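Here, each number is a calculation from the coordinates, and none is a lab measurement. These figures come from a predicted structure and were not determined experimentally. Positions of Cβ are generated from backbone atoms using ideal geometry, with glycine treated the same way; all protein chains shown enter the neighbour counts.
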Amino acid sequence: MSLLIYAAAVGFPDPGNIDECDADRLGEAFGPLRTIYTVDEGALSGVCHGTDDTTVYEAWTSLTAFTTAEERAPIVGFAGFDNTSGADVAAFAVALDRSQSRFLIAVNREMVQLRPRQVRRVVGHEFAHVLTGTAQGIDRAQGEDCGTRDAGYGCITNNNYLSLWVDEFWPETELASLQQDGYRNETAAARRCSTDPGFPSLYAATNPSEDFAESFEFFLYGNRVAANVRPRIEFLSTFPQLVRMRDRIAALGLSDTRLYQHDCSVENRPR
């Protein structure tokens, strides 16, 4: 069984304070960054690495379609990378400091050209990682002792979307299993799928962060989903900020209302 990683949250062992223009460090995960835009107060403010790239700018407009400048404030860099990792990666998000107050999102330049609809969706997925990874949601100051509230790159606090998500959909036994199995364990994800068909995809079953981000992607674009997945979509619908984001997508005519044939043991396929 192959677990395809379409979008990811990247955590460095100790991010310290990474400059958003540090292409070498930021390219360690999936491949070299060719263009990096700095972002100031929610707007692109110039190229700090590489050259102006209309492909990357196109992906940026996918983000501005559903967020306000204030909501984008934690993002200080937006980039395009050439994937050399061997994984099917469309985009990734990374926190640049221990306080989780500065983020960079990077998109696969080739995928933006070949599969623009998919990249548009995964930009939403990546923004979900920003939503759940801000200082209000992940606290690195707590050190290593998070118990079962470890997000893999920090401790989940109690006033965050992710903490509420965990309370609703992740029993303590599964949180504990993450400590043993890891946060990208394909076998564990398949086991969870076999016992809980509510995950929107196999990738969602790897950990709570990806579960939230995958579910948010389906919610944001208004997809029809299987009955087992609907409780996750309905839960997201209880948050006014998230509903406003979904409504902006709908107002622009960008909703993707296709039915996704659900099978947690494989990646979803639209029909």
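Quick notes
- Three-way shape label, the range 7-133, alpha-carbon gyration tensor, a/c 1.5: rounded
- Amide N proximity, the range 68-99 versus Asn17 label position 7 Å along Cα-to-Cβ, cut-off under 17 Å: 76-77, 95-99
- Total charge dipole magnitude, the range 216-268, about the Cα centre, Cβ charges on Lys, Arg, Asp, Glu only, Debye to nearest 20: 200
- Here the simple spin-label model places points 7 Å from the Cα toward Cβ, and for Thr195 and Asp263 these points are separated by 2.3 nm.
- When each of the peptides 107-114, 238-245 is scored by how many other beta carbons lie within 10 Å of its residues on average, the order from highest to lowest is 107-114, 238-245.
- Taken along the Cα-to-beta-carbon direction at a fixed 7 Å, the label points for Arg25 and Gln113 span 3.0 nm.
- Only Lys, Arg, Asp and Glu carry charge here, each on its Cβ (+1 for the first two, -1 for the last two); on that basis the range 7-133 has a dipole of about 440 debye about its Cα centre.
- Centre separation in Å (Cα based) which lies between the range 79-123 and the range 229-263: 21
- Inter-label distance, nm, simple model (7 Å from Cα along the C-beta direction), Glu234/Glu58: 3.9
- For the range 7-133, the antiparallel share of DSSP beta bridges with both residues in that region comes to about 60%.
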